[in-house]
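A short write-up of the structure that comes next.
The values are calculated or read from the model by the stated rules, or taken from the named source; none is laboratory data. Just so you know, these numbers come straight off a predicted model, no measurement behind them. Note that each Cβ is placed from the backbone with ideal geometry, even for glycine, and that neighbours are counted across all protein chains shown.
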Amino acid sequence: MGTWIKNNFWAFFFGLFALIGTIMGAIASVVWQNTNTLIEKGVHTEGTVVRLLYNGKGSACPVVEYRTENGDTRTYSGNTYTNPPEYDEGEAVELWYNPDRPGEVVLAGVDRWLVPAILGGFFVIFGGIGFGGLLGQWLRQRRRDRLEDQGRPVEADIVSVYHNTSLKVGGASPFVIQCQWHDKTTNRVYTYDSDNLWYDPTPFLNGRKTVTALIDPKDPAAYHLDLSFLPQPGN
């Protein structure tokens, strides 16, 4: 697994975010659906805030007393702490309860929508990063495949081999081969960095001064370095 993660780090990273976002979105959907089902099929009534429960940060949630259809008195503690408190002691509160399980309650207001909203926010953030990143990786692979088939080969000069310290896996950073190509027709210099390599490629360059870069003839900044001459990593 460690080797796979190193060689497919960004796919793993964005995939993990997409998975977390999907789970959060699924939970948000279930909670929201259950809430709406209880409101639709439950008994609509009013209760009274009999006291406020405070947490250590000064926020409070209401404890509501209500009567069921058969005359039983029930008490329900809200799920959401707010500062300032959403309700005052003695205030009437709209609520819905499950007639088969009267302890199952939805309060009107923040208690009704806050949890699904928070989970939905996590879905948007994590899912956006994850699925957006996976889409970017897919587009990058498509571009690479296209360049391998249709790219114009040019010889780019090797200028350095350096550590990509912006990425660490297991405390180690990958190596990158950096090349430059001078387009003499436009007198422009393009810099091309290789994919991350999890071993030092220097001993395997064998005096090589250039690397074949497959470039888009219409956009030389779009490239793929052909490193097929290098050995595959063993771990």
Q) Of everything in the range 1-46 that's outside any helix (DSSP H, G or I) and touching a Pro at 6+ places or on another chain (Cβ under 9 Å), which residue is surrounded by the most Cβ atoms within 10 Å (Cβ to Cβ)? A) Gly42
**Q.** Residue satisfying condition, being under 31 Å from the mean Cα position of the chain (by Cα) and touching a residue at least 24 places away in the same chain (Cβ under 8 Å), within set Tyr81, Tyr87
**A.** Tyr81
Q. Out of curiosity, is Arg101 surrounded by fewer than 17 Cβ atoms within 10 Å (Cβ to Cβ) and within 17 Å of Asp226 (Cβ to Cβ)?
A. no
Q: Any residue in the range 200-218 that's farther than 16 Å from Val176 by Cβ: show its pairings with residues that are surrounded by 13 or more Cβ atoms within 10 Å (Cβ to Cβ) and of a type in the set (Phe, Trp, Tyr) at Cβ separation under 6 Å, as long as the two are six or more apart or on different chains.
A: Ile215/Tyr223
Q: Pick out the one residue from Arg112, Arg146, Arg142 that is of a type in the set (D, E, K, R) and either buried (at least 18 other Cβ atoms within 10 Å of the Cβ) or not in a helix (DSSP H, G or I) (or both).
A: Arg112
Q | Candidate set from the range 87-113 (those that are acidic (Asp, Glu) and modelled with pLDDT of 90 or more); member that is nearest to Gln33 (Cα to Cα) | A | Glu104
Q) Looking at (1) outside any helix (DSSP H, G or I); (2) outside the structural domain of Val63 (by TED's automatic domain parsing), which is the only condition Trp96 fails? A) (2)
Q.
Filter the range 176-232 down to the residues that are in a strand (DSSP E or B), charged (D, E, K, R) and within 13 Å of Arg152 (Cβ to Cβ) and list them by number.
A. Asp183, Asp216, Asp219
Q: Output the qualifying pairs, or none if there are none: Cβ atoms under 7 angstrom, residues six or more apart or on different chains, first residue in the range 1-25 and free of Cβ contacts under 8 Å to residues at least 12 places away in the same chain, second residue part of a helix (DSSP H, G or I) and aliphatic (A, V, I, L, M).
A: Phe12/Ile5
Q: Could you tell me whether Val161 is in contact (Cβ under 8 Å) with a residue 24 or more places away in the chain, surrounded by fewer than 16 Cβ atoms within 10 Å (Cβ to Cβ), among the β-branched types (Val, Ile, Thr) and in a strand (DSSP E or B)?
A: yes
(Q) Given the options Phe122, Phe126, name the one that is surrounded by 20 or more Cβ atoms within 10 Å (Cβ to Cβ) and within 28 Å of the chain's Cα centre (by Cα). (A) Phe126
